[in-house]
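Shown next, in structure tokens, is the structure this report addresses.
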Amino acid sequence: MADPGSKQEKMNSLDRIFCKGLSFEARIGFHDYELKTSQKIVVDLTAFVDPLLGDDRPLSVRMDYYKANQLIRELVGNNSFQLIETLAENIAQLLLKNFDIRAVELTLTKFPLDMPNAVSVSYILKRKKNENC
């Protein structure tokens, strides 16, 4: 059990907003043919927010998931990435910068063109507000 007041205890006391299955077309990969063809990626994300504690504002005031979806779509649509790790990091930093959230956990899934025997490849990360932000 975490010590009261510890970083882990504080993270456990945060509320979460979960967005599952955000689907985008991305230019991702390091082979030429991968970058010439858009590939489907899926983003699942959890935004960690302070509890409302009697405040009647909706959680979306702090994390507007419609706007988050649009920002991710713009990032993915206007850039190409060699690695899913780089794209996941860019998305995490985008969310931390633009919303009043404490942390974000993100899973980015790619369906690789160059690996027909694989259903998907995923990368999972968790970033806190003051970490690389």
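Since every read-out is calculated from the coordinates, none of them should be taken as a lab result. Everything quoted here is computed from the prediction, not taken from an experiment. Virtual Cβ from ideal backbone geometry, glycine too; neighbours counted across all protein chains shown.
Taking amide H as placed 1.01 Å from N in the peptide plane, R27 has its amide H under 5 Å from the amide H of Q39, F81, each at least 5 places away in sequence or on another chain. Over all pairs of different C-alpha atoms, the range 14-133 has a mean inverse distance whose reciprocal, the Kirkwood radius, equals 15.0 Å.
Taken one residue at a time, the phi angles of the range 31-43 give Karplus couplings (6.51, -1.76, 1.60, θ = phi - 60°) of 7, 3, 5, 5, 6, 7, 10, 5, 10, 6, 10, 10, 10 Hz. Gly and Pro are set to x.
The lysine pair tally for the range 7-128, using Cα distances under 19 Å and a gap of 8 or more places or different chains, is 14.
If you place +1 on the Cβ of every Lys and Arg and -1 on the Cβ of every Asp and Glu, how big does the dipole about the Cα centre of the range 7-128 come out, in debye to the nearest 20?
120
Shown here for the range 81-132: trypsin sites (Lys or Arg not before Pro) in loop regions (DSSP other than H, G, I, E, B) with at most 16 other Cβ atoms within 10 Å, namely K129.
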